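Below: the structure, in structure tokens.
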Amino acid sequence: MMPCGFDEARVAAYLDGEVSAEEAAVAKVHIAACSACAAEVAEMVALKRGLREARLFAAGWVHFAQRPDGFGEVADLHVNMLASANPYDVVSSDRHTVKPWFQGRVPFSFNVPEFGGSEFALLGGKMVYVHQQPAAQLVVGRGQHRISVLVLQDSSAIERAFAATRGVEAHDHFSVDAWRANGLQFVVVGDADTAAMERLCSMLRAANP
């Protein structure tokens with residue numbers, strides 16, 4: 001039991017996506033406001049990743065989790081992926097395997113860049129919900145770093161939730177970029193350096209002009 005009375009098992013279940021939407025909302029608000037539970041999240045992520053930098057990333061997540069817009073929700077999904085024992089629904093480095101997997105699972109289509117020969121590697125993907133809408137979450141690796149690419153249908157509500165950033169914005173070892181194209185909303189989040197994040201976003205934009 002944490003000093004605040006919150007159960008460590010509940011924190012772990014929340015990170016693994018094993019709680020209801022209502023319980024997840026309660027846990028998210030609590031962890032964002034509780035330093036002890038935020039530290040527990042950081043420790044769990046660090047153990048999963050085997051990197052001390054995960055603690056810095058978790059601090060950045062707490063910063064974004066408190067935002068009233070959609071970026072807190074995306075940061076939440078990204079940290080859940082990092083800490084989960086099953087981070088992908090489809091595991092493949094082949095874009096011709098990952099892209100078709102989403103057909104019939106999300107009501108839109110998008111292009112996955114060819115990462116072969118680049119500094120990035122496609123690791124897999126999963127179907128998630130963002131702002132109560134089905135979304136595709138691609139996970140891209142760069143060395144030990146993991147970057148989430150969220151793609152969902154654009155709408156007036158999504159436009160308000162994800163006001164376009166001015167390029168990659170870095171906050172506490174945590175970077176994010178967002179843009180709209182072809183009726184879709186793209187959000188990229190991770191802890192790679194800003195220059196690498198910009199290069200990845202350029203590849204995604206070129207694949208989805």
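The values are calculated or read from the model by the stated rules, or taken from the named source; none is laboratory data. Given the structure is predicted, the values throughout are model-derived calculations rather than measurements. Positions of Cβ are backbone-derived with ideal geometry, glycine not excepted, and every protein chain shown enters the neighbour counts. In case anyone asks, the SASA skips ligands and DNA or RNA and just uses the protein heavy atoms, side chains included. Shrake-Rupley method; radii C 1.70, N 1.55, O 1.52, S 1.80 Å.
At R0 = 25 Å, how high is the FRET efficiency between A163 and V29 if r is their beta carbon distance? Nearest 0.05 is fine. Provide the component values of the computation, followed by the final result.
Working: r = 22 Å, r/R0 = 0.89.
It comes out at approximately 0.65.
Dipole of region 76-124 (Lys/Arg Cβ +1, Asp/Glu Cβ -1, origin at the Cα centre): which of V106, N80, S118 lies farthest to the positive side?
Value computed over the given set: V106.
Between A181 and R105, what FRET efficiency comes out of the Förster formula 1/(1 + (r/R0)^6) with R0 = 25 Å and r the beta carbon distance, rounded to 0.05? Before the final figure, lay out the partial values.
Numbers: r = 21 Å, r/R0 = 0.82.
My answer for the efficiency is 0.75.
In region 70-209, what percent of the accessible surface is made up of carbon and sulfur (1.4 Å probe, ligands and nucleic acids excluded)?
The nonpolar share, carbon plus sulfur, comes to 47 percent.
How would you rank 91-101, 145-155, highest first, on the average number of other Cβ atoms within 10 Å across their residues?
Going by the mean number of other Cβ atoms within 10 Å, highest first, we get 145-155, 91-101.
What is the sum of charges, Lys and Arg at +1 and Asp and Glu at -1, for the other residues whose Cβ falls under 12 Å from the Cβ of F102? Kindly include the intermediate steps, with their values, before the conclusion.
Numbers: positive: R95, K99, R105, K126; negative: D89.
It works out to a net charge of +3.
Around R199, with a cut-off of 13 angstrom between Cβ atoms, what is the net charge of the other residues, counting Lys and Arg +1 and Asp and Glu -1? All intermediate terms of the calculation are to be shown ahead of the outcome.
Details: positive: R142, R205; negative: E119, D177, D193, E198.
Charge balance near R199 sits at -2.
In region 96-201, how does Rg compare with the Kirkwood Rh, expressed as the Rg/Rh ratio over alpha carbon atoms? Write down the numbers at each step before the final one.
Details: Rg = 13.4 Å, Rh = 14.2 Å.
Here Rg/Rh amounts to 0.94.
Loop only by DSSP, 10 or fewer other Cβ within 10 Å of the Cβ. Give me the chymotrypsin sites (Phe, Trp or Tyr not before Pro) in region 116-209 that pass, ordered by residue number. Present the calculation step by step, with values, prior to reporting the outcome.
Working: sites: F120, Y129, F162, F174, W179, F186; in loops: F120, F162, F174.
Taking region 116-209 and a limit of 10 other Cβ atoms within 10 Å, no loop chymotrypsin sites (Phe, Trp or Tyr not before Pro) are found.
At a 10 angstrom cut-off on C-beta neighbours, averaged per residue, how do the peptides 196-204, 76-84, 23-31 rank from highest to lowest?
Working: 196-204: 18.9, 76-84: 22.4, 23-31: 16.8.
Highest mean packing first, the order is 76-84, 196-204, 23-31.
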